[in-house]
Amino acid sequence: QVQFVESGGGLVQAGGSLRLSCAASGSSFNINAMGWFRQAAGKQRDMVATISSSGSTDYADSVKGRFTISRDNAKNTVYLQMNSLKPEDTAVYYCNSVTWLYSSWSPWGYWGQGTQVTVSS
């Protein structure tokens with residue numbers, strides 16, 4: 001079973017940038033589609049961005065043009081570059097393996113502890 005360790009979160013002012021990393025264990029990383037999710041306090045966990053094994057990407061409308069997902073299969077790592085951050089981006093960010101199910105990307109691995117991103121106004 002693949003396990004994930006997220007890092008790179010922190011406190012940043014609105015308009016700033018952060019780069020999140022997700023290190024994955026397990027030999028099947030390079031064949032899995034991967035996704036970043038976020039969960040704000042009191043809200044459900046939502047998909048932010050996904051990347052297929054071939055590098056195709058998909059983004060939530062709220063982050064298009066500001067966030068970029070990428071992966072390095074040699075390092076078993078997926079990244080999320082976040083620019084032009086807004087206070088509404090404040091959340092705990094998680095990564096996970098994803099699969100296309102019922103017309104949406106669905107996580108299917110174990111969740112890590114996530115990394116907190118706080119954007120001040």
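Here are some notes:
- A Cβ-based charge dipole, computed about the Cα centre of segment 19-83 with Lys and Arg at +1 and Asp and Glu at -1, lands at about 180 debye.
- Calculated accessible area for segment 1-115 comes out at 52 Å² per residue, all protein chains present (probe 1.4 Å; ligands, DNA, RNA ignored).
- Within straight-line cross-link reach of Lys75, lysines at Cα separation under 29 Å, skipping those fewer than 8 residues along the same chain: Lys64
- Only protein atoms count toward the accessible area here, which uses a 1.4 Å probe; on the chain, the carbon and sulfur part of that area reaches 47 percent.
- Value of Rg/Rh across the chain [Cα atoms, Kirkwood radius]: 0.94
- Highest mean packing comes first when the peptides 85-96, 55-66 are listed by Cβ atoms within 10 Å, giving 85-96, 55-66.
The values are calculated or read from the model by the stated rules, or taken from the named source; none is laboratory data. What you see is a predicted model, and the numbers here were worked out from it, not measured in a lab. Cβ: placed from backbone, ideal geometry, glycine included. Neighbour counts: every protein chain shown. The protein model used for the area step is the full one, side chains on, heavy atoms only, and it has no ligands, DNA or RNA in it. Shrake-Rupley method; radii C 1.70, N 1.55, O 1.52, S 1.80 Å.
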